[in-house]
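Everything below concerns the one structure shown next.
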Amino acid sequence: MTFSAFRSAVRVQRRRIAVGVAVLMILVGAAAIWLNRSSGADDDLRAELVSQFGDSYGPGLQASEETTVIELRASPSVAQVLPGVDTDVWAFNGSVPGPALRLPLGETIRIELDNQLPVPTTIHWHGIRVPNAMDGVPGVTQDPVAPGSRNSYEFTPPDAGTFWYHSHTNGSEQLERGLYGSLVVTDPSEPTWSQDIEWVIDDWLLTDTGQIDPDFNTAADVEHNGRWGDTITVNGSTETVLSTQPGERIRLRIINASNGRIFAPRFGALDASVIAVDGLPSRRRLPADGFVIAPGNRIDVDLTIPQPGNYPLVDDFTGDIYELATINVAGDRITTPDFTAPLASDLPVWAEAIDLDVDQEYRLNIRRGQSRWEWTMNDRAYPDVDKFEIEAGSFAKIRLVNDSQLFHPMHLHGQFFKVISRDGQPVDEGHFRDTVLLFPGDEIDIGLVALDTGTWAFHCHIQEHADAGMMTLVDVNDRS
Ligand code: C2O
Ligand code: CU
């Protein structure tokens, strides 16, 4: 090659490089504009979803001057789980469930916990949007309350509905022994049912002598769907009967307080629809028959009582039939109270949320830890977790993927959320939740607009899974 031929070759090469660089810069510029536009679109979509959320639920009523003060004494006690048999339990105020707490919306409640147990404990107010410091999660929102010590919880529930309280310390033992109860917030503007009652369902593993099997949190419980027992109670009894007259209209609030068992109640010949899920009203009436209630879940059922007879409420989630309780109808027919059940007609659909990027994904799985099975979220077992940060008032999308062969009812403290999709298909359940059940292999996207700031637990409500590490933390930060 001559020198001039070499120089012209270099020039050609330089020109090619220059052209290449120019093309690259144009591509980079275009990509930047496109990315910008798409993240702009994402922001617009989030803002739109927040505006659809509107005031689906919000700050609640102006707190009234009233404060109800209740003492809850946690202590060893005796209950008749089986008729005529004394079973040693741990109870609030000597009964399982503990006292059925009720207060009107806008009222403040102060609960004085007196821990007379031989172990530390705390109380969590499941589903109630309490100030973070009142949430009852040991090591996160408070120190455990030592035996012989007291702790007071005070809050003004901002939402009316069916909630419950339970120990949040070593739940696989403390819930199983009986430390739970219902907490209903009534809305004085709602219509009056003939009867408005709570049914707290629990599942017990009893020994031959009718005592609670003292072998808690076994490897088998952890490896399976938690502890499933052999005795199912409604309000602490295997023989619960609700006495009604033909024509009555009943608001039946069902709470699943079991460690692990899932229910699908069958109402048979009864005219029953769900009007609220996990406390909050649904957009429309939903079929109550077979509605799946995982540990932590609640449903409010609007029930119209037919002609005299005995109507058993059974469960058939597993395919085996369990009789839960009986509705006995007798006496004269009364005029059925005629009103439209309170529903949330403006509940957002959030269909567009399917197009949104996922902010946080959690893959749920099990692994062999050092000395025990560990249940993990993204291969981390609590307390070895990173907090997921959300800004209050903005829309967040979380993906839950069940990589395991077992059930996981995932419960988020402090916020309600809505299921956006299941296995990539858009879903509008027509209600918010605080607990969603994942079957093996499920991929569920949930959306929420967090309102309440603080560090909130997010965990599986199967107590043995949670105690084996299946819990993480979500930080809701003030916008600013
Ligand atoms: Cu009902 Cu963190 O629990
Ligand atoms: Cu689980």
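Here's a check for you: in segment 40-81, which residue that is among the acidic types (Asp, Glu) and touching a residue at least 40 places away in the same chain (Cβ under 8 Å) is farthest from Phe92 (Cα to Cα)? Step by step, filter segment 40-81, then rank; the result is Asp42.
When Lys397 is tested against (1) basic (Lys, Arg); (2) in contact (Cβ under 8 Å) with a residue 12 or more places away in the chain; (3) surrounded by fewer than 18 Cβ atoms within 10 Å (Cβ to Cβ); (4) more than 14 Å from ligand 2 (Cβ to nearest atom), exactly one condition is not met: (3). Considering segment 446-480, the residues that are among the small types (Gly, Ala, Ser) and over 14 Å from His413 (Cβ atoms) include one that is nearest to ligand 2 (Cβ to nearest atom), namely Ala468. Does segment 184-221 hold any residues that are within 26 Å of Asp302 (Cβ to Cβ) and among the β-branched types (Val, Ile, Thr), and which are they? Within segment 184-221, Val184, Val185, Thr186, Thr192, Ile197, Val200, Ile201 meet the criteria. Within segment 219-245, can you find the residues that are assigned to a loop (DSSP other than H, G, I, E, B), under 23 Å from Cys460 (Cα atoms) and within 24 Å of the chain's Cα centre (by Cα)? The answer is His224, Asn225, Gly226, Arg227, Trp228, Gly229. In the set Val358, Val314, which member is in contact with a Lys or Arg (Cβ under 7 Å, 6 or more places away or on another chain), more than 27 Å from Leu270 (Cα to Cα) and either of a type in the set (Val, Ile, Thr) or in a strand (DSSP E or B) (or both)? Checking each option against the conditions leaves just Val358. Residue pairs whose Cβ atoms lie under 9 Å apart, separated by 6 or more positions or on different chains, with the first residue in segment 464-478 and assigned by TED's automatic domain parsing to the domain that holds Ala381 and the second among the charged types (D, E, K, R) and near ligand 2 (Cβ under 10 Å from one of its atoms), do not occur. If the condition is being of a type in the set (A, V, I, L, M, F, W, C) and either more than 16 Å from ligand 1 (Cβ to nearest atom) or under 22 Å from Phe53 (Cα atoms) (or both), then segment 382-408 contributes Phe388, Ile390, Ala392, Phe395, Ala396, Ile398, Leu400, Val401, Leu406. Of all residues in segment 285-311 being part of a strand (DSSP E or B) and in contact with a His (Cβ under 9 Å, 6 or more places away or on another chain), which is surrounded by the most Cβ atoms within 10 Å (Cβ to Cβ)? Only one residue fits best here, namely Arg298. Answer with yes or no whether Asp221 is buried (at least 19 other Cβ atoms within 10 Å of the Cβ) and without any contact (Cβ under 8 Å) to a residue 60 or more places away in the chain. So Asp221 does not fit the description; no. Taking segment 127-159 as the range and being in contact with a Pro (Cβ under 6 Å, 6 or more places away or on another chain) and among the charged types (D, E, K, R) as the test, only Arg129 passes. Among the residues of segment 199-214, is there at least one that is surrounded by fewer than 20 Cβ atoms within 10 Å (Cβ to Cβ) and within 16 Å of ligand 2 (Cβ to nearest atom)? Within segment 199-214, none of the residues are surrounded by fewer than 20 Cβ atoms within 10 Å (Cβ to Cβ) and within 16 Å of ligand 2 (Cβ to nearest atom). Applying the condition of being surrounded by fewer than 18 Cβ atoms within 10 Å (Cβ to Cβ) and more than 13 Å from Asn151 (Cβ to Cβ) to segment 117-127 and asking which residue is farthest from ligand 1 (Cβ to nearest atom) yields Pro118.
Give the residues of segment 224-243 that are without any contact (Cβ under 8 Å) to a residue 60 or more places away in the chain and away from ligand 2 (no atom under 16 Å from the Cβ), sorted by residue number. Once the filter is applied, which keeps residues that are without any contact (Cβ under 8 Å) to a residue 60 or more places away in the chain and away from ligand 2 (no atom under 16 Å from the Cβ), segment 224-243 yields Gly229, Asp230. Mind listing whichever residues of segment 380-393 are part of a loop (DSSP other than H, G, I, E, B) and touching a strand residue (DSSP E or B) at 6+ places or on another chain (Cβ under 7 Å)? Residues satisfying the conditions are Ala381, Tyr382, Val385, Lys387, Ala392, Gly393.
Annotation: of all residues in segment 423-478 being within 15 Å of ligand 1 (Cβ to nearest atom) and in a loop (DSSP other than H, G, I, E, B), the one that is surrounded by the most Cβ atoms within 10 Å (Cβ to Cβ) is Ile462.
The set of residues in segment 402-422 that are part of a strand (DSSP E or B) and surrounded by 18 or more Cβ atoms within 10 Å (Cβ to Cβ) comprises Asn402, His408, Pro409, Met410, His411, Leu412, Phe417, Lys418, Val419, Ile420, Ser421. For segment 260-284, enumerate the residues that are assigned to a strand (DSSP E or B) and either of a type in the set (Gly, Ala, Ser) or at pLDDT below 95 (or both). Those that are assigned to a strand (DSSP E or B) and either of a type in the set (Gly, Ala, Ser) or at pLDDT below 95 (or both): Asp271, Ala272, Ser273, Ala276, Ser282.
The values are calculated or read from the model by the stated rules, or taken from the named source; none is laboratory data. In this text, all values refer to a predicted model and were calculated from it rather than measured experimentally. Ideal geometry is used to build each Cβ from the backbone, glycine not excepted, and the neighbour counts take in all protein chains shown.
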